[in-house]
Amino acid sequence: MALFGNAHTVDPVAAREEYARLLGEDEQVHAAFVLIRDTLLFTDRRLILVDKQGVTGRKVEYHSYPYRSISHFAVETAGTFDLDAELKLWISSNPTPITKKFTKGVDIYEVQAILTKYVAR
């Protein structure tokens with residue numbers, strides 16, 4: 001199953017099957033979101049960002065962030081003219097946040113709730 005298309009929530013079981021080679025032993029995917037071409041996986045251990053690159057998307061970069069390395073995060077809701085919501089993550093001592101845009105297919109409040117659950121431990 002290819003996780004592709006507009007921004008949407010993906011069934012965690014399907015995401016686990018798709019990205020099984022990235023996961024550690026007994027690591028569970030609790031939530032997954034597709035953002036146009038990129039994917040965010042929230043596991044019980046870390047946040048995995050799947051960054052598809054190039055025109056074809058055949059080249060893929062995988063970023064793994066243990067929740068303890070997220071120093072803080074921000075969500076920006078969609079507005080009247082700006083229809084995209086946005087997630088910003090600050091990792092450890094890096095002053096520049098990682099920014100991901102969410103179209104109307106994803107509930108940014110759900111993403112924020114998941115991060116709150118894992119980052120605030």
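Every number here is computed from the coordinates shown, using simple stated rules; none is lab data. Predicted model only: the values in this text are computed from it and were never measured. Cβ: placed from backbone, ideal geometry, glycine included. Neighbour counts: every protein chain shown.
At-a-glance table
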{"quantity": "Residue among Val29, Val111, Val13 with the largest mean-square fluctuation in a Gaussian network model of the chain, springs linking Cα atoms under 10 Å", "calculated": "Val13"}
{"quantity": "Lys, Arg +1 and Asp, Glu -1 on Cβ, resulting dipole of the chain about Cα centre, debye, nearest 20", "calculated": "280"}
{"quantity": "Net charge of Cβ neighbours under 15 Å - reference Glu25; Lys, Arg +1; Asp, Glu -1", "calculated": "+1"}
{"quantity": "Under 10 Å, Cβ to Cβ, from Ser64 - net charge with Lys/Arg +1 and Asp/Glu -1", "calculated": "+2"}
{"quantity": "Residue-averaged 222 nm ellipticity for the chain, from DSSP H runs of 4+ at -39500 (n - 2.57), nearest 500", "calculated": "-4500 deg cm²/dmol"}
{"quantity": "Cleavage-rule hits (chymotrypsin sites (Phe, Trp or Tyr not before Pro)) in region 35-121: DSSP loop, at most 13 neighbouring Cβ within 10 angstrom", "calculated": "Phe81"}
{"quantity": "Lysine pair count for the chain [Cα-Cα under 15 Å; pairs on different chains or 8 or more apart]", "calculated": "4"}
{"quantity": "Listed residues Tyr109, Val10, Pro95: farthest to the positive end of the dipole of the chain (Cβ charges)", "calculated": "Pro95"}
{"quantity": "Equivalent ellipsoid dimensions for the chain as semi-axes, Å, which come from the Cα gyration tensor, largest first", "calculated": "20, 19, 14"}
